Structure formats: C-alpha cells, structure tokens
Amino acid sequence: MQNGNNLQVNKVVALFNQGLAWLAGLALILMLIIVVGNALIRIVYLPFPGTPEIVGWLAAITTSFALGYTQMNKGNVALDMVTKKLSRRTQKVLEGIFALCSGLFFAMAGWKIVGYGFTLKNSVYLSETLRLAYYPFLFVISLGFLGLTLTLLLEFIKLVEGDVKGGS
C-alpha cells in the first residue's frame with residue numbers, strides 16, 4: 001500500500017472500530033438499565049420475562065463490538081515471556097505471523113456467524129422466552145469480527161511494509 005492510501009485505510013478502520021466501541025458502551029449501559037430496572041420492578045410487580053435473553057444478546061454485542069478497538073489500542077493480554085528473549089527481527093516476524101493467522105481465523109469465524117445467521121433466518125427458530133427471531137443479532141455481531149479482522153490484517157501489512165523498508 002502507498003503511504004497516503006495506508007493512512008486513509010487506517011483512518012477508516014480506526015473510525016469503524018471507534019464507532020463499534022461507542023455502540024458497545026451503549027449496549028453495556030442498556031444492559032445495566034435492563035438488569036437494574038428488572039430488579040426494581042420485581043419489588044412491586046412481576047419481573048420482565050425476557051431479561052436473560054435481551055441481556056445475553058446485548059452482552060454478545062458488547063463483547064464483539066469491543067474486539068477491534070481493543071486490538072487497535074493494544075488492550076489485550078500479550079504473553080511474551082518467550083518472544084521477548086528473541087531478537088527484535090524475530091519478534092516482528094512472529095508478530096506478523098500471529099496477526100495474519102489471527103486475522104484469517106477471525107475472518108472465518110465472522111463468516112461462519114453470518115452463515116449461521118442465514119441458516120436461522122431460513123428456519124423458523126425463535127428465542128425461547130420472547131419468541132423473537134434472533135438471526136439479526138448474529139449479523140450485527142459479525143460486524144465486531146469484521147473490525148477485529150481488519151485491524152489484524154492492517155497490523156500484518158504494517159509489519160510487512162516495515163520489514164520491506166528495512167525499518168521498524
């Protein structure tokens with residue numbers, strides 16, 4: 001990638017992941033409101049029967065939407081006890097291999113989630129309590145995997161470009 005294009009792609013992926021992270025925060029707040037509201041309603045009336053389903057869906061959205069942003073900001077746990085003893089060049093090669101393999105893995109996982117969503121869409125499968133079709137949530141969750149995949153593949157490209165230029 002040329003430098004100008006690389007910056008634009010980085011910016012788009014960063015904005016995409018920041019948007020997803022913001023939506024993850026909203027989903028988390030909504031989970032809080034639903035759980036606390038359900039607990040308060042329980043004091044004077046019957047609890048809302050679909051709370052576990054809705055909270056589960058929101059938790060899945062929160063988790064998947066935070067994936068790319070967390071990777072982008074290196075908020076994940078890195079176990080580098082072995083690799084930190086290797087040369088800097090070997091560390092970069094291993095980082096590239098890990099980024100590429102992880103990117104491909106999460107791309108396949110996201111694709112499988114979309115496929116499963118279409119399978120559920122074509123069936124009459126509904127949620128247990130609310131009797132709602134939940135395949136749309138699978139499509140939404142796959143966006144989080146897309147954000148993570150793009151971030152990992154950009155990391156791989158940066159590592160390869162850095163190696164080709166003799167830098168990093």
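Since every read-out is calculated from the coordinates, none of them should be taken as a lab result. Everything numeric in this text was worked out from a predicted model, so none of it was measured. We place every Cβ from the backbone using ideal geometry, glycine too, and count neighbours over all the protein chains shown.
When a footprinting reagent is the concern and you count Cβ atoms within 10 Å, what order do 121, 11, 92 take, fewest first?
If I rank by nearby Cβ atoms, fewest first, I get 11, 121, 92.
If every alpha-carbon in the chain counts as one equal scatterer, what log10 I(q)/I(0) does Debye give at q = 0.17 1/Å?
Treating every Cα as an identical point scatterer, log10 I(q)/I(0) equals -1.07.
Treating cross-link reach as a plain straight distance, find the lysines whose alpha-carbon is under 30 Å from the alpha-carbon of residue 74, omitting any fewer than eight places away in the same chain.
Cα-Cα hits under 30 Å: 11, 84, 85, 92, 112, 158, 165.
In nm, give the distance between the simple-model label positions of residue 101 and residue 12, each being 7 Å from the Cα along the Cα-to-Cβ direction.
2.9 nm
What whole number of Å gives the distance from the Cα centroid of the range 11-73 to the Cα centroid of the range 76-110?
So the two Cα centres are separated by 29 Å.
At 0.36 nm per residue, and after removing the present C-alpha to C-alpha distance, how many nm does the segment from residue 122 to residue 22 gain when stretched out fully?
Numbers: separation 100, 0.36 × 100 = 36.00 nm, distance 3.13 nm.
Stretched out fully, the residue 122 to residue 22 stretch lengthens by 32.9 nm.
Determine, for 81, 108, 72, 31, the number of other Cβ atoms within 10 Å of each Cβ, and report the residues in order from fewest to most. Display every interim value, and only then the final one.
Working: 81 7, 108 12, 72 22, 31 19.
Placing the least packed residue first, the sequence is 81, 108, 31, 72.
Just going by the charge dipole of the range 32-148, with Lys and Arg at +1 and Asp and Glu at -1 on Cβ, which of 73, 115, 143 is farthest out on the positive end?
Projecting each Cα onto the dipole axis, the largest value belongs to 73.
For residue 59 and residue 108 in one chain, what is 0.36 nm times their gap in residues minus the Cα-Cα distance, to one decimal in nm? Spell out each step's value before the answer.
Details: separation 49, 0.36 × 49 = 17.64 nm, distance 2.14 nm.
So the extension gain works out to 15.5 nm.
Sorted from largest down, give the three principal axis spans of the alpha carbons of the range 1-65, whole angstrom values.
Projected onto its principal axes, the Cα set of the range 1-65 covers 63, 15, 9 Å.
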